[in-house]
1. Pull up all non-local amide H partners of Val189: gap of 5 or more, or a different chain, and H-to-H distance under 5 Å with H placed in the peptide plane.
2. Dividing the Cα convex hull volume of the range 204-307 by residue count, how many Å³ per residue is that?
3. Place a point 7 Å from the Cα of Met278 along the Cα-to-Cβ direction; which residues of the range 210-230 have their backbone N under 19 Å from it?
4. Along the range 112-125, what does the Karplus equation 6.51 cos²θ - 1.76 cosθ + 1.60 (θ = phi - 60°) give for ³J(HN,Hα), rounded to whole Hz, x for Gly and Pro?
5. Per residue and in Å³, how big is the convex hull formed by the alpha-carbon atoms of the range 6-323?
6. Tell me, what ³J(HN,Hα) does each residue in the range 228-236 have, in order and in whole Hz, if you take phi through Karplus 6.51 cos²θ - 1.76 cosθ + 1.60 with θ = phi - 60° and put x for Gly and Pro?
7. Under the Karplus relation 6.51 cos²θ - 1.76 cosθ + 1.60, θ = phi - 60°, what is the ordered set of whole-Hz ³J(HN,Hα) values for the range 41-56, x standing for Gly and Pro?
8. Go through Val51, Trp41, Trp137 and say which Cα lies farthest out towards the positive end of the charge dipole of the range 6-323; charges sit on Cβ, +1 for Lys and Arg, -1 for Asp and Glu.
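Throughout, read-outs are computed from the coordinates displayed, never taken from laboratory work. Note that this is a predicted model, so its numbers are computed, not measured. FYI the Cβ positions are ideal-geometry reconstructions off the backbone, even for glycines, and counts take in every protein chain you see.
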Amino acid sequence: MSLFGYEALAVMTLLMIGLDLFQTRGGQITIKKAAIWSVFWFALAIAFNFVIYAYWDQVAPDSTYHAKEAGTAFLTGYLLEKSLSVDNLFVFALLFTQFAVPSELRPRVLTWGILGALILRAIMIGVGAELLETFHWILYVFGGFLIYTGYKLWREEEEDEHNDGPSLPERLVRKIMPVLPDYDGHKLVVRRDHKLFATPLLVVVVVIAFTDVMFALDSIPAIFAVTREPYLVLTANVFALLGLRSLYFVLEGMLDRFCYLRPALAFILTFIGIKMLMSHTAYAIPTLVSLAVIVVTITVAISASLWVTRKQEKNAKVQEEKQA
């Protein structure tokens with residue numbers, strides 16, 4: 001690879017991470033600022049998609065893809081990973097509430113979570129690509145796993161209601177060292193009376209790291225159903241994750257409105273699993289069709305969620321007025 005090869009991609013990723021850190025310095029992020037940067041990160045991904053379309057022969061001269069296939073695969077993979085990454089936001093919001101993370105610490109925690117996800121996914125992409133190249137039958141294992149994951153996601157809300165105890169990562173931290181009841185700035189570990197104590201921030205970071213593993217197990221097989229070109233898989237993940245911090249602060253107060261988002265993600269995972277299982281049959285689903293399914297599903301889910309929650313709020317307000 002030459003233009004925007006892996007070395008250039010690594011440099012570009014570091015620069016984008018630095019830019020993201022710079023624009024969120026100080027710990028206080030307004031919704032307006034977060035919205036502007038969310039649009040910027042999306043526009044940057046679309047611009048990169050045009051670069052792939054226009055210069056694919058220079059980007060990956062040895063690829064079997066032609067420019068149109070590469071551009072469509074990147075855009076589909078990016079939207080798929082972006083959609084699945086939104087589920088991360090629900091978990092982040094839940095963790096921040098559960099552990100009462102101060103607002104000024106949340107950008108830092110999100111940074112650690114996203115950096116961990118980037119590193120982990122890069123490793124898993126390399127391993128996954130090698131496995132698919134060596135053991136073709138792994139493709140069907142991935143497909144079955146995605147269908148099973150989609151089924152589990154359908155039932156997730158029901159299961160969460162019965163899961164009130166501390167998670168496994170939290171219990172592990174508490175077994176290793178005592179945990180202080182209060183935060184101490186950005187410190188993960190403090191020494192008091194010649195003894196080391198973990199702060200609640202360390203517990204949050206460990207739980208998020210564990211969550212990154214769980215999400216990577218879903219997202220990496222999913223994007224391999226769209227393309228097995230490692231460069232496209234990696235770049236789609238990079239661009240999907242880099243704008244996640246800004247998107248969180250845009251949606252932070254609205255996450256409870258997206259009541260149909262998780263069922264939509266469950267459907268997408270199931271659909272992608274079926275696509276993977278059918279990839280080498282006469283009924284193989286084209287990438288362009290996958291792109292259309294993802295866009296339509298997410299659009300319908302978000303629109304329906306906002307319509308339903310607004311209707312519920314309106315009905316609740318009417319009931320309050322009647323009781324007054």
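1. Thr199
2. 120
3. 222-228
4. 4, x, 6, 4, x, 5, 4, 5, 5, 5, 4, 5, 5, 5
5. About 171 Å³ per residue, rounded to a whole number.
6. Calculated HN-Hα couplings, in order: 10, 7, x, 5, 5, 4, 5, 5, 4 Hz.
7. 5, 5, 4, 5, 5, 5, 4, 5, 4, 5, 4, 4, 5, 7, 10, 4
8. Of Val51, Trp41, Trp137, it is Trp41.
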